[in-house]
Every structure is written in C-alpha cells, then in structure tokens.
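Trainee: The structure that follows is given in the form of structure tokens.
The values are calculated or read from the model by the stated rules, or taken from the named source; none is laboratory data. Computed from a predicted model, the values in this text were never measured in an experiment. Heads up, the Cβs are rebuilt from the backbone with ideal geometry, glycines too, and the neighbour counts pull from every protein chain shown.
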Amino acid sequence: MISIQNLSFSYRKNKPLFEGLDLNLEAGYIYGLLGKNGAGKSSLLKQMAGLLFPQGGVCKVMGYEARYRQPDFLRNLFMVPEEFYLPQVRINNYVKAYAPFYPDFSNTSFREYLEEFQIPTDQRLTEMSYGQKKKVLISFALATNTKALIMDEPTNGLDIPSKSQFRKVIAAAVSEEKCIVISTHQVRDLDNLIDNIVIIDNHKIIFRQDVDAVNDKLSFKTVSNVEDAGSVLYANSSLRGHAVVTENTDKEQSRIDMEMLFNAVLEQPERISKIFN
Amino acid sequence: MEFKESQAIYLQIADHLCEQILLDKWKPDDRIPSVRELAVQLEVNPNTVMRTCEYLQQYDIIYNKRGIGYFVSENASKKIIQLKKERFLANELPQFFRNMYLLDMELDELKPHYEKYKKSNFK
C-alpha cells in the first residue's frame with residue numbers, strides 16, 4: 001500500500017533528516033509511528049501525503065508516486081495534520097465543498113462519528129474549540145473511506161472522554177482494504193489499537209514489528225530485583241519495583257508497554273534487531 | 001473492561017469472553033458478538049480480537065461458521081475450567097504459595113476464609 005524506498009530528504013544542506021530510509025506498509029493494519037521530537041515523524045507522513053518531495057528515492061502510495069499528487073492518489077488518501085485550518089463555514093457547507101473530492105465519502109457515517117464525538121452540527125467551524133475542530137476533521141477523515149488514512153498526533157488536544165470515543169471510531173474503521181498510519185507521543189492513548197509499531201530515529205526506520213512478534217520475542221514485567229530478570233534490555237525503577245524489558249525466554253506473553261519498548265529500542269537498537277532477526 | 005498490566009491483551013480479552021460463558025450469559029451454540037463489535041466495545045484493534053478468537057477456537061471453546069461468525073461450543077464451560085485450572089496452577093499459584101510461605105501460613109488457616117468468601121460472594 002505504502003512503499004518508501006531509499007528515501008533521502010533534508011530541510012537544510014548537510015543536515016539530513018532521512019537517509020536511505022525504507023518502509024513498507026500494508027492494508028489491514030494500524031501502524032503506530034513513534035519517534036523523538038524532531039526525528040521526522042511529521043515529515044515522513046507529509047512525504048506519504050505528497051506534501052513534501054523526496055530528494056532521493058521514491059515514496060509510492062497504491063502505486064502512485066506521492067509527489068505527483070495525481071487525482072486517483074488524492075481521492076484515496078486523507079491526512080489529518082497536527083496543525084490544520086478549517087474555513088469559517090458550518091459543517092454542512094464544509095461537507096458540500098470537500099466531500100465531492102472523495103467518491104467513497106459516506107454522509108451517514110460522518111453524522112454517526114459526529115454524534116459519537118458529541119459535536120453540535122449547527123456551529124461555524126471557526127467558533128469551535130481546537131478539540132472540537134479536531135473531532136470534526138477526524139470524523140470527516142474517517143467518513144471519506146480513503147484507502148490510506150494518515151493521522152499526525154490525532155489525540156493531541158482531545159479531552160479524556162473523547163480519547164475513548166476516538167479508540168471506538170478507529171476500531172470500527174479498520175478494514176482489510178485500509179491502511180491507517182498514526183504518529184503519536186501519547187502511546188498510552190492508543191496502545192491497544194496499534195498492531196504494528198514503527199520507530200524512526202537517526203534518519204532511518206530502526207524498528208518495525210507487529211505486536212504478535214513483540215509478544216513472542218520480548219517480555220515486559222515488574223520485578224523486585226533487576227538481577228533476577230535475566231538479560232535486561234531496559235529498566236525503569238519506581239516504588240513498585242523495576243519495570244523491565246527482557247528477551248522473552250519462557251513463552252509467557254506479557255502486555256506490551258509501548259513506552260518501555262520505545263526506550264528499549266532507542267537504547268539498544270543492535271541487541272533488539274538481533275533478537276528480531 | 002479494565003485492562004490489567006501483566007498479560008497480553010489478546011489473552012485478557014480471552015478471559016473476558018470466557019467469563020461471559022462461565023456466567024451463562026452466552027450459552028452453547030449462541031453466536032458471540034462479531035470481531036468488529038467486540039473491538040469497538042473494548043476499544044482495541046480488531047486484529048487483536050481476531051487473535052483471541054483463534055486462540056479460543058484452538059481450545060474448542062468457540063467454533064467458526066464461515067461467513068456467519070463465532071459460536072459457543074457445546075462443552076465450552078468444561079474446557080474453559082480445564083484451561084483456567086492449568087493456567088492458575090502454573091501462573092498464579094506459585095506466587096500465592098510464596099506469599100503464604102513468607103507469612104508462615106498453613107493451608108488449614110485458609111479454609112474458613114475461603115468458606116466465608118464463597119458465602120458472601122456467591123450465595
């Protein structure tokens with residue numbers, strides 16, 4: 001669905017952001033894109049959406065090179081950016097203006113999503129709070145039924161109840177034809193939704209595994225003594241004991257802690273990639 | 001449903017579904033909610049629920065009718081109890097025994113507590 005090969009890109013000379021970056025994403029999954037601030041998460045998503053162009057290599061979505069932004073490509077991709085602009089119109093007029101670009105747009109599902117998010121439909125978009133606008137945009141994005149759905153920090157600015165609503169609507173939106181890519185720092189908001197973890201660091205994708213593989217290979221637990229835990233990849237100490245990531249040696253499958261996984265991958269990229277290969 | 005920290009999510013969902021069967025909310029040959037319905041309700045990825053269903057199918061707790069969905073097997077309760085017992089003996093009991101040992105307790109001491117617990121919760 002999304003295929004990036006040997007991508008290089010930089011905003012400034014001699015300061016490469018991506019170098020020889022490869023990434024393949026398939027339909028039917030929700031990919032969680034994780035990375036430190038400035039690692040290039042948003043820039044990578046913009047490459048996929050054709051909003052930034054590769055300086056080397058190619059970025060293809062559904063076979064179309066994203067940079068050419070052909071109509072058939074644009075019809076089948078929607079991106080919810082972190083910062084966005086909505087015009088000063090009511091929801092109905094917004095739909096009238098933008099929905100025709102998306103042949104599979106469903107007004108019924110759009111209304112259902114708005115209702116789930118409890119958004120009043122008679123207000124002007126500019127009179128809404130940031131969180132409400134974001135919910136309108138997320139609802140619209142899901143209702144377009146595009147094959148590729150890209151969201152940059154979608155839970156930023158959402159209040160506590162709407163995070164649960166967000167998880168419900170995303171869980172409902174997953175289908176075998178759809179590829180959903182979500183970048184996030186708030187992994188706790190989404191950890192049960194993401195089924196593939198992609199970590200970007202040092203100009204490259206340094207980790208890309210599905211949660212089944214992570215369950216098989218790594219173990220997440222809290223121990224009272226770090227020495228007893230075997231070969232520890234990452235440890236974090238608190239009052240309750242030491243939360244550790246270790247290699248999974250005893251076939252027990254533990255719940256993945258994505259923050260711990262992220263820290264482990266950044267600290268021990270070589271050991272982790274050895275375990276997975 | 002509240003997810004705990006220790007166990008993989010798909011196993012926690014399996015426990016949750018088994019509980020519905022043990023509590024007789026779902027009876028043999030009842031259709032259980034679809035993968036999608038469960039995913040939305042539990043706010044998890046449908047692929048995770050799919051994994052749960054495959055796991056339960058492997059233990060003959062539910063069965064699949066192609067294109068229709070998953071149904072509760074005839075002897076589901078029996079099989080769940082057997083599976084749960086195995087897992088309880090292997091995973092939870094050692095920890096429990098360890099605490100008993102540290103507190104210098106004997107099994108006899110527990111009996112009145114257990115009787116009282118049964119009375120107040122399940123009568």
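Trainee: What residue, of B:40, B:44, is within 14 Å of chain A (Cβ to nearest Cβ), surrounded by 20 or more Cβ atoms within 10 Å (Cβ to Cβ), hydrophobic (A, V, I, L, M, F, W, C) and outside any helix (DSSP H, G or I)? Talk me through it step by step, then tell me what you get.
Mentor: Numbers: B:40 fails: outside any helix (DSSP H, G or I).
After ruling out the rest, the residue left standing is B:44.
Trainee: Now for a separate question. (1) within 27 Å of residue A:179 (Cβ to Cβ); (2) touching a residue at least 24 places away in the same chain (Cβ under 8 Å): which one isn't true of residue B:74, the others all being true?
Mentor: With respect to (1) within 27 Å of residue A:179 (Cβ to Cβ); (2) touching a residue at least 24 places away in the same chain (Cβ under 8 Å), residue B:74 is out only on (1).
Trainee: Another question, if that's okay. Does residue A:83 satisfy the criteria of being under 18 Å from residue A:151 (Cβ atoms), assigned by TED's automatic domain parsing to the domain that holds residue A:27 and charged (D, E, K, R)?
Mentor: Yes; evaluated as a whole, the condition is true for this residue.
Trainee: Give the residues of region A:193-211 that are within 10 Å of the chain's Cα centre (by Cα) and either under 16 Å from residue A:268 (Cβ atoms) or among the polar types (S, T, N, Q) (or both), sorted by residue number.
Mentor: Listed by number, the residues that qualify are A:196, A:197.
Trainee: Still on this structure, please answer the following. If residue B:51 passes every condition in (1) among the charged types (D, E, K, R); (2) over 29 Å from residue A:188 (Cβ atoms); (3) part of a helix (DSSP H, G or I); (4) in contact (Cβ under 8 Å) with a residue 24 or more places away in the chain but one, which one does it miss?
Mentor: So the condition that residue B:51 fails would be (2).
Trainee: Test residue A:39 against the stated conditions and say whether it is in the same structural domain as residue A:156 (by TED's automatic domain parsing), more than 26 Å from residue A:105 (Cβ to Cβ) and either among the small types (Gly, Ala, Ser) or free of Cβ contacts under 8 Å to residues at least 40 places away in the same chain (or both).
Mentor: Considered against the rule, which asks whether it is in the same structural domain as residue A:156 (by TED's automatic domain parsing), more than 26 Å from residue A:105 (Cβ to Cβ) and either among the small types (Gly, Ala, Ser) or free of Cβ contacts under 8 Å to residues at least 40 places away in the same chain (or both), residue A:39 comes out as yes.
Trainee: Which number in (1) more than 13 Å from every other protein chain (Cβ to nearest Cβ); (2) within 15 Å of the chain's Cα centre (by Cα) marks the one condition that residue A:110 misses?
Mentor: (2)
Trainee: Still on this model: Quick check on this structure: which one of A:114, A:77 is closer than 30 Å to residue A:191 by Cβ, of a type outside the set (Gly, Ala, Ser), surrounded by 13 or more Cβ atoms within 10 Å (Cβ to Cβ) and at pLDDT below 95?
Mentor: Numbers: A:77 fails: at pLDDT below 95.
Testing whether each residue is closer than 30 Å to residue A:191 by Cβ, of a type outside the set (Gly, Ala, Ser), surrounded by 13 or more Cβ atoms within 10 Å (Cβ to Cβ) and at pLDDT below 95 leaves just A:114.
Trainee: Check A:187, A:214, A:265 and return the single one that is out of contact with any Leu (no Cβ under 6 Å at 6 or more places or on another chain), touching a residue at least 40 places away in the same chain (Cβ under 8 Å) and within 11 Å of chain B (Cβ to nearest Cβ).
Mentor: A:214
Trainee: Something else about it: What's the total number of residues in region A:117-141 that are in contact with a strand residue (DSSP E or B) (Cβ under 7 Å, 6 or more places away or on another chain) and more than 14 Å from residue A:87 (Cα to Cα)?
Mentor: The total comes to 3.
Trainee: Can you pull out the residues in region A:190-208 that are away from chain B (no Cβ under 14 Å) and not charged (D, E, K, R)? Reasoning before the result, please.
Mentor: Step one: of region A:190-208, the residues away from chain B (no Cβ under 14 Å) are A:198-208.
Once the filter is applied, which keeps residues that are away from chain B (no Cβ under 14 Å) and not charged (D, E, K, R), region A:190-208 yields A:198, A:199, A:200, A:202, A:203, A:205, A:206, A:207.
Trainee: Any residue at all in region A:126-133 that's in the same structural domain as residue A:50 (by TED's automatic domain parsing) and either within 30 Å of residue A:16 (Cα to Cα) or outside any helix (DSSP H, G or I) (or both)?
Mentor: Yes - at least one qualifying residue is present in region A:126-133.
Trainee: For region B:1-37, which positions are more than 9 Å from every other protein chain (Cβ to nearest Cβ), within 20 Å of residue A:258 (Cα to Cα) and at pLDDT 90 or above?
Mentor: B:13
Trainee: Out of (1) touching a helix residue (DSSP H, G or I) at 6+ places or on another chain (Cβ under 6 Å); (2) in the same structural domain as residue A:36 (by TED's automatic domain parsing), what's the single condition that is false for residue A:197?
Mentor: Residue A:197 satisfies all of (1) touching a helix residue (DSSP H, G or I) at 6+ places or on another chain (Cβ under 6 Å); (2) in the same structural domain as residue A:36 (by TED's automatic domain parsing) except (1).
Trainee: Now a separate question. For region B:10-34, give me the residue count where each residue is assigned to a helix (DSSP H, G or I) and buried (at least 19 other Cβ atoms within 10 Å of the Cβ).
Mentor: Matching residues across region B:10-34 total 8.
Trainee: Right, residue A:146: touching a residue at least 40 places away in the same chain (Cβ under 8 Å) and not in a strand (DSSP E or B) or not?
Mentor: When the stated conditions are applied, residue A:146 passes them.
Trainee: Whether any residue in region A:217-240 is among the basic types (Lys, Arg), in contact (Cβ under 8 Å) with a residue 24 or more places away in the chain, away from chain B (no Cβ under 14 Å) and under 30 Å from residue A:17 (Cβ atoms) is what I want to check. Lay out the reasoning, then the answer.
Mentor: Within region A:217-240, the subset among the basic types (Lys, Arg) is A:217, A:221, A:240.
With the extra rule that they be in contact (Cβ under 8 Å) with a residue 24 or more places away in the chain, the set shrinks to A:217, A:221.
From what's left, away from chain B (no Cβ under 14 Å): none.
Among the residues of region A:217-240, not one is among the basic types (Lys, Arg), in contact (Cβ under 8 Å) with a residue 24 or more places away in the chain, away from chain B (no Cβ under 14 Å) and under 30 Å from residue A:17 (Cβ atoms), which makes the answer no.
Trainee: Give the residues of region A:19-48 that are within 22 Å of residue A:62 (Cα to Cα), part of a strand (DSSP E or B) and not acidic (Asp, Glu), sorted by residue number.
Mentor: Matches in region A:19-48: A:20, A:21, A:23, A:24, A:25, A:30, A:31, A:32, A:33.
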